[in-house]
Amino acid sequence: MELFSDQFNGYLWQMVQGAYITLQLFAAGFTLALVLGTLIGIVTLSRNWLIQAVWKTYASIIMGVPSLLIIFLLYYGGSAMLSGLFGTDRSFDVTPFGAGVTALTIVYAAYVAELVHGAVMNLPKGQFEACSALAIGPVAAWRHVILPQLTRLALPGLVNIWMIVLKDTPLVSLAGLNDLVANAKIAAGATKEPFIFFIAASLFFIVFSALTLRLSARLEARFGRGLAEVKA
Amino acid sequence: MSALQTETGPQPVAAPRPIAVEMTGVEKYYGKFKALSGIDLTVRKGEKIVICGPSGSGKSTLIRTINRLEPHDGGTIVVNGITLDGSPTSVQDVRLECGMVFQQFNLFPHLTILENCMLAPRLTRKLSKTQAEALALKYLERVHIGAQTHKYPSQLSGGQQQRVAIARALCMEPPIMLFDEPTSALDPEMIKEVLQVMEDLAEDGMTMICVTHEMGFARRVANRCVFMDQGEIVEEARAEEFFEAPKSDRLKAFLAQILH
């Protein structure tokens, strides 16, 4: 196939649109997982047995079941679940994108929550005590003292999760989402040029990962302030 | 006449000043281990109390029950008229009465020295940024850290960090200060600067309860010394008597161990 022919450019343009969908899926999934996971992580620090029971069940299901199955469950079973929750008289349309975002969110929220637990364990107990002794309430203490330090402790793990979420996005193409990898597959099949299109798709992931690493280095410098200076 | 007696009498602190901290029959358990048993201690306004004793004797636990970093399991604790009954308001009120300095400083590493001192006044006393900054600078000057306010805690020496921690507690302007082994984590050459700041505070009339092994400080500053062992107060006496004429064998043995 001729490079940069009209047909080639057409497929390439489709891949660009696919990449845009991949990025949207990733951004929505990761952001929601981060917010939900942090909340779950904080709430499940409680020793309340009910909270612990719910958390343990959720974590063991999510960490034991492949993400692909969760995506399928939500995509093929999603509308039945929603009808069950909100009444059978209404019908619900579950899009591949919606199922994908939801699946990535609930799966990676569990991993983020685990990360929060680990970071809290690594924070000296004295930080909590200093807040108590200064009569700083729990919400303000979390906001101004604990979370900024947790961010520093959890950042390497978060970058890890960020990469894994990105690399999990193509799974949603199996539920029919026309993301980058799905469109690359269509183009490769139609043109019999697997290398060009799959390598182009790989390049996208490589470039995005490289940008990620630069971003994480900047964040690390930002949240490591006060500590980084000692080593310098 | 009574005024005359107070000034010339041998025990100036015996004048009935208002009570700052009153502990009656305080008990504390860690599981089955009894960390505090039957603690009775009265501290009057302006008094400086030094608590000492071997490690594991419960002295840190005692001082930490006063601002409820450790909840007590029995007895009563009254701080400046507020009974610590475990209700959130009583805990909050008592914590506003007591400043605390920890062995490990516990400064907030991600905030500058100035921000460390400004945080609590802004959050709990609702001061404006300018007010909080003026307050923080005032107390940082007082502990002789005024020139380093924009550094982070990790850039300071241990002694400087502990002085910042003292300033941070003072910024809440508490009437009572609790010190939990403030010099135990310091290199020997830094102990003096921290003790000096504490002595200055004592001269200004602050009510102070200090857990410390610094016997020189205890002699110079303390009105009364309390000796604890195995979760109970074994002996309580004025500083001179405490060191010159200890009554109990346990205190005699302890003093022999540490005064060398």
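No lab work stands behind these numbers, since they all come straight from the coordinates. In this text the structure is predicted, and so the values were computed from the model without any measurement. All Cβ positions, even for glycine, are placed from backbone atoms using ideal geometry, and neighbour counts span all protein chains on display.
For segment A:91-232, with only Lys/Arg (+1) and Asp/Glu (-1) charged at the beta-carbon, what is the dipole magnitude about the Cα centre, in debye rounded to 20?
Computed charge dipole of segment A:91-232: roughly 420 debye.
What are the semi-axes of the equivalent ellipsoid for the protein assembly as shown, taken as the square roots of 5 times the Cα gyration tensor eigenvalues, largest first, in whole Å?
Working: eigenvalues 766, 126, 69 Å².
Sorted largest first and rounded, they come to 62, 25, 19 Å.
Less than 18 Å apart at the alpha-carbon level, and either on another chain or at least 8 residues along: which lysines does that give for B:LYS45?
none
Return one quarter of the surface area of the convex hull spanned by the alpha-carbon atoms of segment A:123-193, equal to its mean projected area, in nm².
Answer in nm², one decimal: 7.3.
What residue among A:PHE223, A:TYR108, A:VAL165 has its Cα farthest toward the positive end of the dipole of segment A:98-232, where the charges are +1 on Lys, Arg and -1 on Asp, Glu, each on the Cβ?
Value computed over the given set: A:PHE223.
Which angle from 0 to 90°, rounded to the nearest 10, does the C-alpha axis of helix B:129-142 make with the longest principal axis of chain B?
50 degrees
Run lengths n ≥ 4 of DSSP H only: what is the helix-derived mean residue ellipticity at 222 nm for chain B, with -39500 (n - 2.57) per run over all residues, to the nearest 500?
-11500 deg cm²/dmol
Hey, in the GNM for chain A with a 10 angstrom Cα cutoff, which one of A:LEU50, A:LEU219, A:LEU166 fluctuates hardest?
Of A:LEU50, A:LEU219, A:LEU166, the Gaussian network model singles out A:LEU50 as fluctuating most.
Could you pull out the pairs from B:LYS192/B:LYS252; A:LYS125/B:LYS151; B:LYS48/B:LYS151; B:LYS126/B:LYS151; B:LYS34/B:LYS126 whose alpha carbons sit more than 29 Å apart here?
B:LYS48/B:LYS151; B:LYS34/B:LYS126
Suppose we keep just the alpha-carbon trace of segment A:20-179; what are its Rg and Dmax in angstrom?
Rg then Dmax for segment A:20-179, in Å: 18.0, 56.
Taking 8 Å as the Cα distance limit and 6 or more residues as the minimum spacing, I'd like the relative contact order of chain B as a percentage.
Relative contact order for chain B comes out at 24 percent.
Can you tell me the FRET efficiency between A:LEU3 and A:MET163 if r is taken as the Cβ-Cβ distance and R0 is 41 Å, rounded to the nearest 0.05?
Details: r = 31 Å, r/R0 = 0.76.
E between A:LEU3 and A:MET163, to the nearest 0.05, is 0.85.
Between the helical axis of B:158-170 and the dominant principal axis of chain B, each derived from Cα atoms, what acute angle in degrees is found, rounded to the nearest 10?
With both axes taken from Cα atoms, the answer is about 90 degrees.
Convex hull over the alpha-carbon atoms of chain B: what's its volume per residue in Å³?
Convex hull volume per residue, Cα atoms: 146 Å³.
Would you calculate, for chain A, the mean residue ellipticity at 222 nm contributed by helices, counting each DSSP H stretch of 4 or more residues as -39,500 (n - 2.57) and dividing by all residues, to the nearest 500?
Numbers: 10 runs with 182 residues, N = 232.
My calculation for chain A gives -26500 deg cm²/dmol from helical runs alone.
Out of the trypsin sites (Lys or Arg not before Pro) in segment A:9-112, which ones are loop residues according to DSSP with at most 14 other C-beta atoms within 10 Å?
Here the trypsin sites (Lys or Arg not before Pro) that fit, given the DSSP loop and packing criteria, are A:ARG47, A:ARG90.
Using alpha carbons only, how many degrees (0 to 90, rounded to 10) separate the axis of helix A:96-122 from the longest principal axis of chain A?
30 degrees
So, R0 is 30 Å and r is the distance between the beta-carbons of A:LEU147 and B:SER184; what FRET efficiency does that work out to, to 0.05?
Calculated transfer efficiency: 0.50.
Efficiency by 1/(1 + (r/R0)^6): what FRET value for A:PHE198 and A:LEU69, r their Cβ-Cβ distance, R0 = 22 Å, to the nearest 0.05?
0.30
Classify segment A:164-211 as rounded, prolate or oblate from the Cα gyration tensor: take a ≥ b ≥ c as the square roots of its eigenvalues, call it rounded if a/c is under 1.5, otherwise prolate when a/b beats b/c and oblate if not.
Since a/c reaches 1.5 but b/c is at least a/b, the shape of segment A:164-211 is classed as oblate.
Dividing the alpha-carbon radius of gyration of segment A:49-140 by 2.2 N^0.38 Å (N being the number of residues), what value is obtained?
That ratio works out to 1.54.
Please say if segment B:48-160 is rounded, prolate or oblate, where rounded means a/c under 1.5 for a ≥ b ≥ c the square roots of the C-alpha gyration tensor eigenvalues, and otherwise the choice is prolate for a/b larger than b/c and oblate otherwise? Walk me through the intermediate numbers first.
Working: a/c = 2.50, a/b = 1.49, b/c = 1.68.
In terms of gyration-tensor shape, oblate.
Dipole of segment A:158-225, Cα-centred, from +1 at each Lys and Arg C-beta and -1 at each Asp and Glu C-beta, to the nearest 20 debye?
280 debye
Within chain B, which is the longest segment that contains none of the trypsin sites (Lys or Arg not before Pro) sitting in a DSSP loop with at most 13 other Cβ atoms within 10 Å?
B:127-246
Using +1 on the beta carbon of Lys and Arg, -1 on that of Asp and Glu, and nothing else charged, what's the dipole of the protein assembly as shown about the Cα centre, debye to 20?
540 debye
Before anything else, pin down the relative contact order of segment A:20-179: Cα pairs under 8 Å, at least 6 apart, normalised by residue count, whole percent. Show your work: numbers first, answer last.
Values: 148 pairs, mean separation 61.1, N = 160.
This gives 38 percent for segment A:20-179.
Which Cα, out of B:GLY38, B:VAL21, A:ILE40, lies furthest along the positive dipole direction of the protein assembly as shown (beta carbon charges, K/R +1, D/E -1)?
Result: A:ILE40.
If only Cα atoms are counted, what is the Rg of segment A:10-53, and what is its Dmax, in Å?
Spelled out, the Cα radius of gyration and Dmax of segment A:10-53 are 18.1, 57 Å.
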